[in-house]
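First the structure, in the form of structure tokens, and then the observations on it.
The values are calculated or read from the model by the stated rules, or taken from the named source; none is laboratory data. Values in this document were obtained by computation on a predicted structure and should not be read as measured data. When we count neighbours, we look across all protein chains shown, and the Cβ atoms used for this are built from the backbone with ideal geometry, even at glycine. Quick note on the areas: whole protein, heavy atoms, side chains included, nothing else; ligands and nucleic acids left out. Shrake-Rupley method; radii C 1.70, N 1.55, O 1.52, S 1.80 Å.
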Amino acid sequence: MPVCFLALAMAGCGGKAITGNAVPNGDADQKLIKGNTNGVAFSGDIFSRVNRDADNGTSNGVVVNPYLWRASLETVAFMPMAQVDPIGGVVITDWASIPSQQNQNERYKINIFIFGPVLRADAVRVKVFKQTLSGSTWRDTAVPADMANKLELAILTRARQIKIAATQQ
């Protein structure tokens, strides 16, 4: 049942912005994380160095696919960010309960890794961690086997939508 709530929470998070407070690494990251018209944090600084046709496998400075990067941030925008590294392709959230989840004694942490400049299914990997409150202590618990796969699929689907929208402009 928690998987359903996580999937619903992720489906509705596309329009939420990542605030500057979500990035702990100071001014360098603040330049990367700014609101835009889509409600997701980006500035032109980082993606201006990437060829518009990133799916050719060519890149001028950024080694991760910009569509996967943006889709990853949008997909987990409802979670507080612990680490955001657009050059290395790493998004790590902090522990948080899912807002739409009925059981607030569970919390999740999501790690997203993006590999390479090509928009492909094997270019994104997701790790999900879950803890349950037992008394006053958080204990690691098993994550449903398909949860990471569902997140990867959500990221890939959103990346494809972003790419289609960008090519139609």
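Per-residue answers, yes or no, for (1) modelled with pLDDT of 55 or more; (2) touching a strand residue (DSSP E or B) at 6+ places or on another chain (Cβ under 8 Å); (3) of a type in the set (S, T, N, Q); (4) open to solvent by 40 Å² or more (accessible area, probe 1.4 Å):
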| residue | (1), (2), (3), (4) |
| --- | --- |
| F47 | no, no, no, yes |
| A54 | no, no, no, no |
| N60 | no, no, yes, yes |
| P66 | yes, no, no, no |
| S72 | yes, yes, yes, no |
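Based on this model, can you work out whether F129 counts as open to solvent by 50 Å² or more (accessible area, probe 1.4 Å) and at pLDDT 90 or above?
The answer is yes for F129.
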Practice prompt. From (1) assigned to a strand (DSSP E or B); (2) among the aliphatic types (A, V, I, L, M); (3) within 20 Å of T157 (Cα to Cα), pick out the condition that doesn't hold for A82.
Written response: (3)
Discussion item. Scan region 123-136 and tell me whether some residue there is in contact (Cβ under 8 Å) with a residue 40 or more places away in the chain and closer than 20 Å to V63 by Cα.
Written reply: yes
Discussion item. Can you go through P144, P99, P117 and tell me which one is farther than 25 Å from V63 by Cα, open to solvent by less than 50 Å² (accessible area, probe 1.4 Å) and in contact with a helix residue (DSSP H, G or I) (Cβ under 7 Å, 6 or more places away or on another chain)?
Written reply: P144
Discussion item. Here is a check on your reading of the model: is G135 loosely packed, with under 15 Cβ neighbours inside 10 Å, out of contact with any strand residue (DSSP E or B) (no Cβ under 7 Å at 6 or more places or on another chain) and under 18 Å from V64 (Cβ atoms)?
Written reply: no
